[in-house]
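Worksheet: one structure, shown below.
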Amino acid sequence: MEQENNKYKNRYYSNKSYEAAAGSFGCASTFLFVAILSLVFNSLSVDFMGLRYWGYWLFIPAFFIFIGGFQQIYTNVTYKRAIKAAITQRGTGTFKLEDIALEVGIKPKDVLRVLLSLRNSGKIRYRFNADTGEIMLGESVSYVPSEEFEPPSKQLIAPIASEGKNFCVYCGHQLAMNANFCENCGSKIN
């Protein structure tokens, strides 16, 4: 048993994170548009805020931002493959999120994001144990939205109080009686 606990002792989490790349591509496209616009202004001898003299320099940051966006897509695909392989090896059963995260070398919050993405695309099935918060592979959860749910802000400073509510304050899923965790998103219920 002790050997199993030390199995991932010297593992480190990747410094990269699982994020959307759309923002990078949007920013790069804006830089690219302004750079092209500066070339058009230069060819037409139009002087708008001096753009024809300096705007073409925006090709450089646009290029590097596009590279960053493609790197993020590569990271996301790599994370999905690693987690899907780890889940496939396990088959069905109950597992701790931290064990999966240590095995694949990805931070637990990123593992959660990848799991949600894989579940939403229908590639895996899982739900969270309402008592322990462990991942139950091979089991489905039927999302039952609450009419009282209002989505929280994206930037949370502290955990949201859930006392007296019969739904998850983070995702809106109806909770089982005396649940400690949300079956849908795995959030701890205060």
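The values are calculated or read from the model by the stated rules, or taken from the named source; none is laboratory data. In this text, all values refer to a predicted model and were calculated from it rather than measured experimentally. Here the Cβ is made from the backbone with ideal geometry for all residues, glycine too, and neighbour counts use every protein chain on show.
Tabulated results
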{"quantity": "Of the criteria (1) in contact (Cβ under 8 Å) with a residue 12 or more places away in the chain; (2) over 28 Å from Ala86 (Cβ atoms), which one Asn178 fails", "calculated": "(1)"}
{"quantity": "Meets criteria (within 25 Å of Ala28 (Cα to Cα), in a helix (DSSP H, G or I) and within 17 Å of the chain's Cα centre (by Cα)) for Tyr74", "calculated": "yes"}
{"quantity": "Lone unmet requirement of (1) within 30 Å of Cys27 (Cα to Cα); (2) assigned to a loop (DSSP other than H, G, I, E, B) for Tyr143", "calculated": "(1)"}
{"quantity": "Candidates Ile87, Ile67, Ile73, Ile60, filtered to the one that is buried (at least 19 other Cβ atoms within 10 Å of the Cβ), of a type in the set (A, V, I, L, M) and either in contact (Cβ under 8 Å) with a residue 24 or more places away in the chain or not assigned by TED's automatic domain parsing to the domain that holds Ile189 (or both)", "calculated": "Ile87"}
{"quantity": "Number of positions in segment 106-123 that are buried (at least 19 other Cβ atoms within 10 Å of the Cβ) and in a loop (DSSP other than H, G, I, E, B)", "calculated": "1"}
{"quantity": "Candidate set from segment 91-105 (those that are of a type in the set (D, E, K, R) and part of a helix (DSSP H, G or I)); member that is surrounded by the fewest Cβ atoms within 10 Å (Cβ to Cβ)", "calculated": "Glu98"}
{"quantity": "Residues located in segment 112-137, provided they are out of contact with any strand residue (DSSP E or B) (no Cβ under 7 Å at 6 or more places or on another chain) and either of a type in the set (A, V, I, L, M, F, W, C) or over 18 Å from Lys188 (Cβ atoms) (or both)", "calculated": "Leu112, Val114, Leu116, Ser117, Leu118, Asn120, Ser121, Gly122, Lys123, Ile124, Arg125"}
{"quantity": "Residues that are within 22 Å of Gly91 (Cβ to Cβ) and surrounded by 15 or more Cβ atoms within 10 Å (Cβ to Cβ), drawn from segment 131-154", "calculated": "Gly133, Glu134, Ile135, Met136, Leu137, Glu139, Val141"}
